[in-house]
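J.: Pasting a structure below so you can have a look.
The values are calculated or read from the model by the stated rules, or taken from the named source; none is laboratory data. Just so it is clear, the model here is predicted, and its values are computed rather than measured. So basically every Cβ, Gly included, is an ideal-geometry build from the backbone, and we count neighbours across all protein chains shown. To get the accessible areas, we keep the full protein, side chains included, count just its heavy atoms, and leave off ligands, DNA and RNA. Shrake-Rupley method; radii C 1.70, N 1.55, O 1.52, S 1.80 Å.
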Amino acid sequence: MNYHILTLFPEMVMDGLNTSIIGRATKKGLLSIEAVNIRDYTKEKHGHVDDAPYGGGAGMVMQAAPVCDAYEALCEKIGKRPRVLYMTPQGKVFNQKIAEELSKEEDLVFLCGHYEGIDERALEMIVTDYLSIGDYVLTGGELPAMVMIDCISRLVPGVLNNDVSAEIESFHDNLLEYPQYTRPEVYEGRKVPDVLLSGHHKKIEEWRREQSIKRTLERRPDLLDDAVLSKKEKIYLAKLRAQQEMQEEESSKNN
Ligand code: SAH
């Protein structure tokens, strides 16, 4: 996977993606990360890349020319025109499914805005996907690009030591992951659930699926509409929901 990040702050993304799992994967050659400084493509005397918005209003807007020129120079260098993901609070909210889809690409361009954003004409000309990391406004697209690159990279074969661990964790089958435990067996009087020490793989698997369903119902019931469940698991969920309703009725009676 080759990432190309168009930004005014290359050191921010390069420093941030240099460490731990992503840093190691880059050294191993599984990923390549390159930041392109949009400022290198300005033709203005003083190196300006932004200007006041037409029509007035607060802040500055990044100009179209350096953004488009940076992208065109990149395309010429690598001999292809990869997808351009514009980081914007106005985009589709990024999630695991989008990450899975993007991880199949060979090259991805991340376009990071700053100030009030980028001149709309540049976006119309080069952007293929508008992506957000959530309903809040940040100062720049660099952190969102780093978030997405981190997430997509975990899905690139070989990046995690254990490829299955990316497959059966939160959001797989639209469920949250089950609780995890490691040594010691007893910590501050709290014991690891017996089933995990039983060595009985089928039972462990069953327990984990049930815990996933329970946890998703408690914390993110919205995910359950699209969860992939077996017949038996659907019955288990119905039982949990009935219990939940009974408890709610109880507590409303007591209040
Ligand atoms: N004026 C814009 C916000 C600009 S924020 C608006 O109201 O829509 C400055 C830059 O930060 C944006 O160009 C974008 O690249 C980035 N950004 C801010 N919040 C973001 C979010 N939630 N997700 C992705 N990118 C974001």
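J.: Residues in the range 59-73: is at least one surrounded by fewer than 19 Cβ atoms within 10 Å (Cβ to Cβ) and part of a loop (DSSP other than H, G, I, E, B)?
T.: yes
J.: Testing GLU169 on (1) modelled with pLDDT of 95 or more; (2) charged (D, E, K, R); (3) within 30 Å of CYS112 (Cβ to Cβ); (4) away from the ligand (no atom under 16 Å from the Cβ), one condition comes back false. Which one is that?
T.: The one condition GLU169 does not meet is (1).
J.: On to the next question. Being away from the ligand (no atom under 16 Å from the Cβ), open to solvent by less than 80 Å² (accessible area, probe 1.4 Å) and in contact with a strand residue (DSSP E or B) (Cβ under 7 Å, 6 or more places away or on another chain) narrows it down to one of ILE22, ILE78, so name that one.
T.: Answer to the check: ILE78.
J.: Output the number of residues of the range 226-255 satisfying the condition of being exposed (fewer than 10 other Cβ atoms within 10 Å of the Cβ), without any contact (Cβ under 8 Å) to a residue 12 or more places away in the chain and under 30 Å from the mean Cα position of the chain (by Cα).
T.: Number satisfying all stated conditions: 1.
J.: One residue is enough: does the range 6-15 have a residue meeting the conditions modelled with pLDDT of 95 or more, over 16 Å from LEU108 (Cα atoms) and assigned to a loop (DSSP other than H, G, I, E, B)?
T.: Yes, some residue in the range 6-15 is modelled with pLDDT of 95 or more, over 16 Å from LEU108 (Cα atoms) and assigned to a loop (DSSP other than H, G, I, E, B).
J.: Within the range 105-138, how many residues turn out to be more than 6 Å from the ligand (Cβ to nearest atom) and open to solvent by 50 Å² or more (accessible area, probe 1.4 Å)?
T.: Total satisfying the criteria: 10.
J.: State whether one or more residues within the range 78-101 are of a type in the set (Ser, Thr, Tyr), assigned to a strand (DSSP E or B) and on the phi < 0 side of the Ramachandran plot.
T.: yes
J.: Which pairs do you get when a residue that is within 17 Å of TYR115 (Cβ to Cβ), found in the range 60-86, comes within reach of a residue that is polar (S, T, N, Q) and open to solvent by 50 Å² or more (accessible area, probe 1.4 Å), reach meaning Cβ atoms under 6 angstrom, with the pair 6+ apart or on two chains?
T.: The qualifying pairs do not exist here.
J.: Right, next: Please verify whether the range 194-210 includes one or more residues that are aromatic (Phe, Trp, Tyr) and open to solvent by less than 100 Å² (accessible area, probe 1.4 Å).
T.: yes
J.: If you go through the range 151-173 one residue at a time, do you hit one that is farther than 30 Å from LEU131 by Cα and either charged (D, E, K, R) or surrounded by 11 or more Cβ atoms within 10 Å (Cβ to Cβ) (or both)?
T.: Among the residues of the range 151-173, not one is farther than 30 Å from LEU131 by Cα and either charged (D, E, K, R) or surrounded by 11 or more Cβ atoms within 10 Å (Cβ to Cβ) (or both), which makes the answer no.
J.: Here's something else I'd like to know. Residue check: is ALA35 among the hydrophobic types (A, V, I, L, M, F, W, C), outside any helix (DSSP H, G or I) and open to solvent by 70 Å² or more (accessible area, probe 1.4 Å)?
T.: It is false that ALA35 is among the hydrophobic types (A, V, I, L, M, F, W, C), outside any helix (DSSP H, G or I) and open to solvent by 70 Å² or more (accessible area, probe 1.4 Å).
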